[in-house]
Amino acid sequence: MMATKKRELSGVQKAAILFITLGPETSAPIIKKLPEREIQKITFEIANMSSVKAEQRQEILNEFIEMNRAKDYIIEGGIDYARELLGKALGNQRAEEILEKVTEATQQFRPFSIARKADANQLLNVISNEHPQTIALILCYLQPDKSAQILSALPEELQGEVAFRIATMNTTSPMIIKEVEKVLDTKLSSVIRTESTIIGGIQSLVDILNQVDRTTEKNITESLEREDAELAEKVSESMFVFEDIITLDDVSIQRILREVDVKELSLALKGCSEEVQDAIFRNQSKRAAASLKEDMEFLGPVRLMDVEKAQQKIVNIIRRLDDAGEIIMSRGGEDAIIV
């Protein structure tokens with residue numbers, strides 16, 4: 001087989017060309033560490049590759065070097081750090097292309113990668129009877145919203161215990177991760193591979209709690225307070241709920257209001273304290289504030305579920321603006337959180 005253009009090659013074909021370029025002494029130790037299925041695919045391509053242009057070999061070698069450089073940068077300082085350095089060296093467009101490929105490769109071989117694609121209800125049925133530590137380990141590797149759905153569906157007495165274990169988890173042995181993967185492998189009839197061993201911690205729990213309903217969040221935080229008051233305080237300091245808008249400065253609130261739908265805002269303010277409502281009204285024009293008050297009165301009685309949903313949408317906007325550096329959210333202040 002003779003490859004013609006780099007962009008037409010599959011990942012396996014690129015790997016085959018890379019190993020040909022590196023030579024047998026360098027390639028052999030690497031190939032031995034690959035899964036049997038991948039070895040078969042790559043060796044098949046090598047055996048059937050009659051010739052490769054020197055230019056193409058150099059392009060693939062450069063891509064390999066760039067991707068490894070990106071991985072090193074990500075490990076050293078995170079995705080933003082990698083984006084900045086690669087952008088300076090290769091240009092922003094090329095940097096984004098490389099980071100996208102690295103991210104795809106990382107997700108493919110991340111522990112519980114198939115579980116991340118599975119339905120939350122299916123996963124719940126599979127892991128609900130497992131030990132709380134096992135459940136916590138699995139939830140740390142899932143998307144926060146999926147973990148939140150599973151955590152919310154667990155029995156109340158189990159929610160707090162699992163949440164505590166997530167928050168206090170730091171480093172897990174690769175052997176333990178591998179054993180848990182084998183269990184899921186059997187139950188989900190899938191193949192799962194391992195990679196990272198550093199998981200869990202307070203931020204992992206906060207990411208999950210930010211996705212659950214308020215009732216579940218309250219149950220978990222109260223359970224944490226009983227288990228470890230200091231830990232519960234650290235978790236609370238990292239959380240942001242709708243009522244915490246009173247901790248923001250007026251400029252930030254005004255920036256948020258430009259992004260928020262008026263109907264969502266009127267629903268979100270139903271039942272809030274006067275302090276929260278005043279924080280919104282004082283950052284609007286008199287006409288806009290008067291109109292908002294009329295909308296709130298016009299709504300009449302509303303379901304708590306709808307109010308919380310509207311509040312969560314606004315909180316998501318606040319977090320997005322915070323991540324973008326357009327507002328500043330207070331962390332760990334002394335302002336009371338209104339529930």
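The values are calculated or read from the model by the stated rules, or taken from the named source; none is laboratory data. Here the structure is a predicted model, which is why all the values come from computation and not from measurement. When we count neighbours, we look across all protein chains shown, and the Cβ atoms used for this are built from the backbone with ideal geometry, even at glycine. Just the protein is used for accessible areas: all its heavy atoms, side chains included, with ligands, DNA and RNA removed. Shrake-Rupley method; radii C 1.70, N 1.55, O 1.52, S 1.80 Å.
In the context of the full protein assembly, residue 215 retains an accessible surface of approximately 100 Å², using a probe radius of 1.4 Å and ignoring ligands and nucleic acids.
Taking the Cα centre of the range 241-338 as reference, the dipole from Cβ charges on Lys and Arg (+1) and Asp and Glu (-1) amounts to some 360 debye. Once each part is reduced to its C-alpha centroid, what is the distance from the range 233-272 to the range 13-40 in angstrom? If you average the Cα positions of each part, the centres end up 53 Å apart.
Surface composition of the range 241-338: carbon and sulfur make up 50 percent of the accessible area, probe 1.4 Å.
What's the long-distance tail for the range 233-333, i.e. % of Cα pairs beyond 20 Å?
Of all Cα-Cα distances in the range 233-333, 35 percent exceed 20 Å.
Report the calculated FRET efficiency for residue 171 and residue 10 (r = Cβ-Cβ distance, R0 = 30 Å), to the nearest 0.05. After rounding, the FRET efficiency stands at 0.25. Model label points for residue 61 and residue 294, set 7 angstrom from Cα along the Cα-to-Cβ axis, are 7.4 nm apart. Between residue 227 and residue 319, the FRET efficiency from the beta-carbon distance, with R0 = 30 Å, is close to 0.65.
If you plug the beta carbon distance of residue 94 and residue 26 into 1/(1 + (r/R0)^6) with R0 = 25 Å, you get a FRET efficiency near 0.45.
Shown here for the range 145-178: GluC sites (Glu not before Pro) in loop regions (DSSP other than H, G, I, E, B) with at most 10 other Cβ atoms within 10 Å, of which there are none.
Per residue, the accessible area of the range 241-338 comes to 60 Å² when a 1.4 Å probe rolls over the protein heavy atoms.
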